[in-house]
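Please read the structure below before turning to the comments.
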Amino acid sequence: MTYPTALRRRVLLFGGAVITTADSGGELPISTTEPRINDRIRALRCRLIGDDGAQLGIFNMPDAQRIAEDQALDLVEIAPNADPPVCRIMDYGKFKYEQEMKAKRARKHQTTVQIKEIKFRPKIDKHDYETKKRHVERFLNGGAKVKVTIMFRGREMVHAERGLAILERLWGELTEIGTVESQPKLEGRNMFMLLAPVKKELPKGEKHDSGEAEAEAEEKTEATPE
């Protein structure tokens, strides 16, 4: 198969399949997740923004790059689809480092809520009930939500109110540590209720102070790029 020269495509054969890739002139392909910087910018001119955020006007690309080099900074294409593209002078290495630290702190403070499930039978005995209730208590105290399911078999569906009584009893005995997020609901042969842990209120200012302290400690322990 012959490809038009204007397309500047290279043809690779892999496992019998024909795959075309855009010719990048022998260079590594430009990442689509990061902006072009310095000599990787392909535009002929740009609208230039200074390191301090000031609008400097429209410059030919060589002139814009020279201004960035004179300040020992990078030229970063921040709006490639604009006409002309918008570029900013900045310390790109420092900018990336700060963004990574922000993302790291956000992930560290992000809470993931788990959902555990405990299953009951409508004719559960007292000992088994107390054992399962302790499991529910442990999950709620650990910050997880708990899906409490009543499983009916055969003719037990005729007395669905027994399952509802178990859920209401459990709810009443755990009101100090759990709240009902989803009311008892019957679906098929199962009745379930979703319990969520009661949010514990911290003393005023405690959460903010501890978060600031962690952030400061983390910044001191991380090595700053040169």
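Read the figures in this text as sums done on the coordinates, not as results from a lab. Predicted model, so just to flag it, every value in this text is computed and none were measured. For neighbour counting, all protein chains shown are included, and Cβ atoms are generated from backbone atoms with ideal geometry for every residue, glycine included.
Working from label points 7 Å from Cα in the Cα-to-Cβ sense, the K185 to A103 distance is 3.6 nm. Counting only DSSP beta bridges with both residues in region 115-197, the antiparallel share comes to about 70 percent. Amide H contacts of G178 (H built 1.01 Å from N, in plane; Pro and chain starts excluded): V198 sit under 5 Å, all sequence-distant by 5 or more or on other chains. Residue exposure proxy: V148, V76, V198, ordered by other Cβ atoms within 10 angstrom of their Cβ from fewest to most, comes out as V198, V76, V148. The phi torsions of region 157-173, fed into the Karplus equation with coefficients 6.51, -1.76 and 1.60 and a -60° offset, translate into couplings of 4, 5, 10, 4, 5, 5, x, 4, 5, 5, 5, 5, 5, 4, 4, x, 7 Hz, rounded to whole numbers, with Gly and Pro shown as x.
Peptides 160-168, 56-64 ranked from most to least packed give 160-168, 56-64, packing being the mean of other C-beta atoms within 10 angstrom over each peptide's residues.
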